[in-house]
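Just below is one structure, and these are the notes that go with it.
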Amino acid sequence: MKAFLSRQPKLLLGGLLLLAPFVLMAIAPSLFVSHGPAEIIDVPLLPPSTSHPFGTDEIGRDVLTRVVYGARVDIVISLSAAAIAFAVGTLFGLLTGFLGGFADSLGMRSVDVLLSFPTIVLALFLITVFGRGELVQILAIAMVMAPSMARFSRGTGLVLRNRGYVEASRISGGGIGHILRRHLLPNALPTLLVAASVLASSAVLIAASLSYLGVGTQPPTPSWGNMLRSAYDVVYYAPFYGLFPGIFVTLVAGAYVMIGEGLRRRIASGRALAAGNSPVVRV
């Protein structure tokens, strides 16, 4: 394990270590706090103190408790939406890039139409139409991010379709599904994982924005976005109230970006090492 960690870029390890406590909060929030997120434990709008490290909210609930339980919503939504957008966008983009021709043109024009809508506006429209449940939020955020992933993976598909091993598989009778599963996806995956981390960073910001606007996670269920919205109304009376949810959103988004940049450096160093070890052919 130590040898494995020593080979990873410091930025990747830093991102994973930064994200780890938030994932643990989402899985087991009771490890960090002893109160329930809806439990009123003191007078409203207390400043940070030893008994309430993040203070209390507008009705006397512990802000630390609600921020920790908010990770259960925001981490789940961001990771789930990013995973769905990654899967749908990657398969669509690789397939259209591999097929080329009319299928590629039609697919990319559809993607361009979706990309022409502002992300938040499209997500707001979908949630307004289909409801405000957590599953609807995940699907709406995934839908607005999938076109970007499709555009990115389509370029990878265009590059890989002309590789020798793909041509050999096609000549030997391999179908589209076989080529996609055995050749395109494995060779594109390292690069696409970097894009997936950016999707997750965008997803947590979109989820917080939707909750802030009142169409995401609804009170009394805590989320970082609706806590920021509540803090806005009392910003002059309790300036620390909105500080901590905002810090948590920033840290999680930053962790995703660090992981993506670390993966990029890891892939680049691996490719450089492979090129350095390749034999030199003398003519």
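What 222 nm value per residue comes from the helices of the chain, counting each DSSP H run with n ≥ 4 as -39,500 (n - 2.57) and dividing by all residues, nearest 500 deg cm²/dmol? Let's see the in-between values first.
Details: 11 runs with 199 residues, N = 283.
That calculation yields -24000 deg cm²/dmol at 222 nm.
As a footprinting exposure proxy, order 110, 211 by other Cβ within 10 Å, with the fewest listed first. Can you show the working numbers first?
Values: 110 14, 211 29.
If I rank by nearby Cβ atoms, fewest first, I get 110, 211.
How big is the dipole moment of the stretch 88-244 about its Cα centre under a simple scheme where the beta carbon of each Lys and Arg is +1, that of each Asp and Glu is -1, and everything else is neutral? Debye, nearest 20, please.
Details: 10 positive and 5 negative charges, 97 e Å.
That gives a dipole near 460 debye.
Taking the alpha carbon gyration tensor of the chain, what are the square roots of 5 times its eigenvalues, largest first, to the nearest whole Å?
Working: eigenvalues 362, 114, 35 Å².
Value: 43, 24, 13 Å, ordered largest first.
Exactly which chymotrypsin sites (Phe, Trp or Tyr not before Pro) in the stretch 183-259 are in a DSSP loop and have at most 12 other Cβ atoms within 10 Å? Display every interim value, and only then the final one.
Values: sites: 212, 224, 232, 236, 237, 240, 241, 248, 256; in loops: 236, 237, 240, 241.
Sites meeting the loop and neighbour criteria: 236, 237.
Hey, rough spin-label estimate for residue 218 and residue 32, points 7 angstrom out along Cα→Cβ, what's it come to in nanometres?
Distance between the two pseudo-spin positions: 2.6 nm.
Defining a contact as two alpha carbons under 8 Å apart and six or more residues distant in sequence, what relative contact order in percent does the chain show? Before the final figure, lay out each step's value.
Values: 418 pairs, mean separation 76.5, N = 283.
RCO, the chain: 27 percent.
A short reminder: the numbers here are calculations on the coordinates, not readings from a lab. This is a predicted model, so every value here is computed, not measured. Every residue, glycine as well, gets a Cβ built from its backbone with ideal geometry; the counts of neighbours run over all protein chains shown.
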